[in-house]
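Chemist: Structure in structure tokens, see below.
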Amino acid sequence: MRTNRRNKNIVRNRILLLTGSIICLLFSFIIFSNIADAEDSREVYTYYTSYEIQPGDTLWSIADQYMGPDYIDKEEFIENIKELNHMSTDSITAGKHLVIQYSSYEAL
């Protein structure tokens with residue numbers, strides 16, 4: 001009899017622990033998804049600048065310097081640079097200028 005009651009208490013405690021864990025996970029998910037939504041809802045400002053290509057520069061290194069929050073993929077950012085500058089290859093030459101579109105959460 002005593003063992004049966006003890007087993008019931010163990011099962012009940014495990015169910016309570018599992019329920020509490022699920023509630024904590026759901027609560028965490030709700031909080032973190034709201035934080036992500038707030039970050040995504042910030043206004044992104046788009047700007048253009050002229051960049052003089054330096055010796056040793058590549059489109060990848062320029063992308064590292066200027067890629068902002070509206071781009072996730074570096075290749076997409078580089079394609080944007082090539083399109084803005086009517087480029088068909090990734091080849092760039094030191095001393096020439098590129099038009100770079102970049103973005104920021106801050107207004108200038």
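Chemist: Divide by every residue of the chain the summed helix terms, -39500 (n - 2.57) for each DSSP H run of at least 4, and state the resulting mean residue ellipticity at 222 nm, rounded to the nearest 500 deg cm²/dmol.
Modeler: Numbers: 3 runs with 58 residues, N = 108.
Computed mean residue ellipticity for the chain: -18500 deg cm²/dmol.
Chemist: Still on this structure: Give me the percent of the accessible area of the range 60-101 that comes from carbon and sulfur atoms, probe 1.4 Å, all protein chains in place. Don't skip to the end; give the middle numbers.
Modeler: Details: 1270 of 2680 Å².
Carbon-and-sulfur percentage of accessible area, whole number: 47.
Chemist: How big is the charge dipole of the range 26-108 about its Cα centre, in debye rounded to the nearest 20, if each Lys and Arg gets +1 on its Cβ and each Asp and Glu gets -1 on its Cβ? Working shown, then result.
Modeler: Details: 4 positive and 15 negative charges, 44 e Å.
Once rounded to the nearest 20, the dipole reads 220 debye.
Chemist: Please give the helix 2-40 orientation as an angle from the longest Cα principal axis of the chain, in degrees from 0 to 90, rounded to the nearest 10.
Modeler: That helix lies at roughly 20 degrees to the long axis.
Chemist: Computed FRET efficiency, Cβ-Cβ of MET87 and PHE29, R0 41 Å: what is it to the nearest 0.05?
Modeler: Working: r = 44 Å, r/R0 = 1.06.
Calculated value: 0.40.
Chemist: How big is the range 2-93 along each principal axis, measuring the range of its Cα positions in Å and listing the largest first?
Modeler: In descending order, the Cα extents are 85, 27, 20 Å.
Chemist: Quick one: if you stick a label point 7 Å off each Cα along the C-beta vector at HIS97 and THR3, how many nm between them?
Modeler: About 8.9 nm, to one decimal.
Chemist: I've got another one for you. Relative to the longest principal axis of the chain, what angle (0 to 90°, nearest 10) does the C-alpha long axis of helix 74-84 take?
Modeler: In the chain, helix 74-84 runs at an angle near 30 degrees to the longest axis.
The values are calculated or read from the model by the stated rules, or taken from the named source; none is laboratory data. Quantities reported herein were computed from a predicted structural model and do not represent experimental measurements. Quick reminder, even Gly has a Cβ in these numbers, built from the backbone with ideal geometry, and neighbours come from all protein chains shown. With ligands, DNA and RNA removed, areas are computed over all heavy atoms of the protein, side chains included. Shrake-Rupley method; radii C 1.70, N 1.55, O 1.52, S 1.80 Å.
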